[in-house]
There are 2 protein chains.
Amino acid sequence: MLADERHQIIISKLKQQGTIKLTELIEELHVSEATLRRDLAQLEKMKLLKRVHGGAALLQRKGFELGIHEKVHQFLAEKQEIASMAASYINEGDCIYLDAGTTVSELIPYLKEKNVTVLTNGLMHFPSLAEYEIKTMIVGGQVKVSTNAIIGSTAVSFLSQYRFDKCFLGMNGIHSQLGLTTPDPEEALLKKTAMQLSSECYVLADSSKLNEATFAKVGDITDAVIITDSNNQSALEEIRKNSKIKVVTP
Amino acid sequence: MLADERHQIIISKLKQQGTIKLTELIEELHVSEATLRRDLAQLEKMKLLKRVHGGAALLQRKGFELGIHEKVHQFLAEKQEIASMAASYINEGDCIYLDAGTTVSELIPYLKEKNVTVLTNGLMHFPSLAEYEIKTMIVGGQVKVSTNAIIGSTAVSFLSQYRFDKCFLGMNGIHSQLGLTTPDPEEALLKKTAMQLSSECYVLADSSKLNEATFAKVGDITDAVIITDSNNQSALEEIRKNSKIKVVTP
DNA sequence: TCATATTCACTCAAAAACAATCATATTATT
DNA sequence: AATAATATGATTGTTTTTGAGTGAATATGA
């Protein structure tokens, strides 16, 4: 077995389970302990993992991938369905704004064939955008570490130099009376700005966000097309009355 | 069997399995080891695969993690020494600009205790900056996928809204007559802009860059303090004459 | 705290893979 | 057909990878 192959297996197993024992790897790959140790040492040097006593662990940097591990898998199926529907609204050559957030992330795989230009404030989207070779611009400004989003007044004024065919936003609260809300006022302002600059606005949110409200208001529910799933029928009916809402069916 | 035929088989098998062993190919194609080695060397040169010990692997240029890593390890010890010296020039509370590039990356661990504010155009720095919880701003603009750097006119005009105490730049060529150079004119322009906006400029480059020149000129060697290692004495003497150069000793 | 059991880092020798060279075979050109 | 250009295969010595053995370092449980 090639060393490179071993490395790939180690990394993929790590990503699956978060940590891995040396003994486990010995059994599975049928190579000596010394070799595996060398492999781990190399991979550590490449900053692909961190060695711990007895094996290795993912290095959870607060950069690109953090938080993802907990959040990303929640409602993953729903998020993918939602993203798939959202993608159907995109036309060839559109210029679109992608908000930070995990639901919006799921939209990226659909973008390649649409040949779009993307502006985003979500640093976590970048690896994926690069993978699909999508023409990308990044909003300049201050980085909010906890969400890997770029926010602040600089970001707002940067954003206002552009116009978009469509914007795709994540949202924490969608309420029939209280409108679209998100906890951080800075983020709210950026979302609001993006909406004003876009011909069409889409809010992507799983149904757990329906009939919820958080601190800072972004806009009214009529300001955007809301795309969500059907796992929260009671809330859906409430909101359906007076909004442009699209519901994906599983 | 035609050479071209072999090449196609190699590539298709690679795409199937991700990696391939040389011994495997020998058995399957019934040609000598030497020939296959030559084949792999050629295909590698055409960037259709990457040779690894024992065979070959697909080169995954996807996103971040790989591709860069080959470079990361070259001269790593030197880069760390250089970064360490560069760090000694930083004062508490400085506002600094960090250029994209692997050498500059090594500077980041030293920044935490200095309590600096960082503006950078290097997306690859972000995970590390986040890890050390450094106050960070990102330059807005177009992303150049191959280097994960933000460049272009937007980036330049974004940059010019700021002033820095120090800037730390990577550089591809440092030549006593031809000055500081880098292959991409867009990147050169951004570096140049950063230098004009900074009170003090530092160029971080291992000694393999000395007495080399590439396409686009950034400035003269007197425009910045050059920090390099001592592994290229002949080039050092040439440059030492008329520049502010600092040499780290291993 | 101590004793025990893992786990670790290091060295060394064997094996595998490597690059370089040269002789031979194949193909192209005149 | 003769020659040149290229591709191939065998041989060589060198480098890299590997696995086993050793003692030191670290965790675990009494």
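The values are calculated or read from the model by the stated rules, or taken from the named source; none is laboratory data. On a predicted model such as this, the values are computed, not experimentally measured, just so you know. Glycine also receives a Cβ, built like all others from the backbone with ideal geometry; neighbour counts cover every protein chain displayed. Side chains are part of the model used for accessible areas, which takes the heavy atoms of the whole protein and leaves out ligands, DNA and RNA. Shrake-Rupley method; radii C 1.70, N 1.55, O 1.52, S 1.80 Å.
The single condition from (1) more than 13 Å from DNA strand D (Cβ to nearest atom); (2) out of contact with any Gly (no Cβ under 7 Å at 6 or more places or on another chain) that A:ILE20 fails is (2). Which members of region A:112-140 meet the condition of being open to solvent by less than 10 Å² (accessible area, probe 1.4 Å), more than 10 Å from every other protein chain (Cβ to nearest Cβ) and in a loop (DSSP other than H, G, I, E, B)? Hit for region A:112-140 is A:VAL116, nothing else. So B:GLN161 passes all but one of these: (1) under 17 Å from B:SER199 (Cβ atoms); (2) in contact (Cβ under 8 Å) with a residue 60 or more places away in the chain; (3) within 11 Å of chain A (Cβ to nearest Cβ). Which condition number does it fail? Condition not satisfied by B:GLN161: (2). Among residues of region A:15-40 that are more than 16 Å from A:MET1 (Cβ to Cβ), those with a beta-carbon under 8 Å from a residue that is within 12 Å of DNA strand D (Cβ to nearest atom) and among the β-branched types (Val, Ile, Thr) at least six positions away or on a different chain give the pairs A:THR19/A:VAL52. For region A:42-55, a residue qualifies if it is open to solvent by less than 40 Å² (accessible area, probe 1.4 Å) and within 8 Å of DNA strand C (Cβ to nearest atom), and exactly one does: A:GLY55.
Just to check your reading of the model, which residue among A:GLY173, A:GLY179 is at positive phi and touching a Lys or Arg at 6+ places or on another chain (Cβ under 7 Å)?
On the way: A:GLY173 fails: at positive phi.
Step by step, each of A:GLY173, A:GLY179 is checked, and only A:GLY179 is at positive phi and touching a Lys or Arg at 6+ places or on another chain (Cβ under 7 Å).
B:SER234 meets the conditions (1) of a type in the set (Ser, Thr, Tyr); (2) modelled with pLDDT of 90 or more; (3) open to solvent by 10 Å² or more (accessible area, probe 1.4 Å) in every case but one. The failed one is (2). Could you please let me know if B:LYS112 is basic (Lys, Arg), closer than 22 Å to A:GLN161 by Cα and at pLDDT below 95? So B:LYS112 fails the test. The test for being over 24 Å from A:LYS192 (Cα atoms), of a type in the set (A, V, I, L, M) and within 14 Å of chain B (Cβ to nearest Cβ) does not hold for A:ALA77. Between B:LEU107, B:LEU190, the distinction of being open to solvent by less than 10 Å² (accessible area, probe 1.4 Å) and within 14 Å of chain A (Cβ to nearest Cβ) belongs to B:LEU190 only.
Hey, could you check region A:27-40 for residues that are within 9 Å of DNA strand C (Cβ to nearest atom) and open to solvent by 40 Å² or more (accessible area, probe 1.4 Å) and say which is farthest from A:LEU14 (Cα to Cα)? Break it down into steps so the answer makes sense when it comes.
Start the filter on region A:27-40 by keeping residues that are within 9 Å of DNA strand C (Cβ to nearest atom), which leaves A:33-34, A:36-38, A:40.
If we keep only those that are open to solvent by 40 Å² or more (accessible area, probe 1.4 Å) too, we end up with A:33-34, A:37-38.
Details: A:GLU33: 18, A:ALA34: 19, A:ARG37: 15, A:ARG38: 16 Å.
Restricting to residues being within 9 Å of DNA strand C (Cβ to nearest atom) and open to solvent by 40 Å² or more (accessible area, probe 1.4 Å), the top hit is A:ALA34.
Of all the listed residues (B:THR228, B:THR214), the sole one being more than 14 Å from chain A (Cβ to nearest Cβ) and closer than 23 Å to B:TYR89 by Cβ is B:THR228.
In the set (1) modelled with pLDDT of 85 or more; (2) under 30 Å from B:GLU106 (Cβ atoms); (3) among the polar types (S, T, N, Q), the condition left unmet by A:THR103 is number (2). Count of region B:153-167 residues, restricted to those that are surrounded by fewer than 21 Cβ atoms within 10 Å (Cβ to Cβ) and not in a strand (DSSP E or B), is 8. Residues in region B:1-25 that are assigned to a helix (DSSP H, G or I), closer than 24 Å to A:GLN8 by Cα and within 14 Å of DNA strand C (Cβ to nearest atom): B:ILE10, B:LEU22, B:THR23, B:GLU24, B:LEU25. Scanning region B:26-50 for residues being away from every other protein chain (no Cβ under 14 Å) and outside any helix (DSSP H, G or I) gives a total of 6.
For A:GLY170, the test of being touching an Asp or Glu at 6+ places or on another chain (Cβ under 7 Å), open to solvent by less than 40 Å² (accessible area, probe 1.4 Å) and of a type outside the set (Val, Ile, Thr) is passed.
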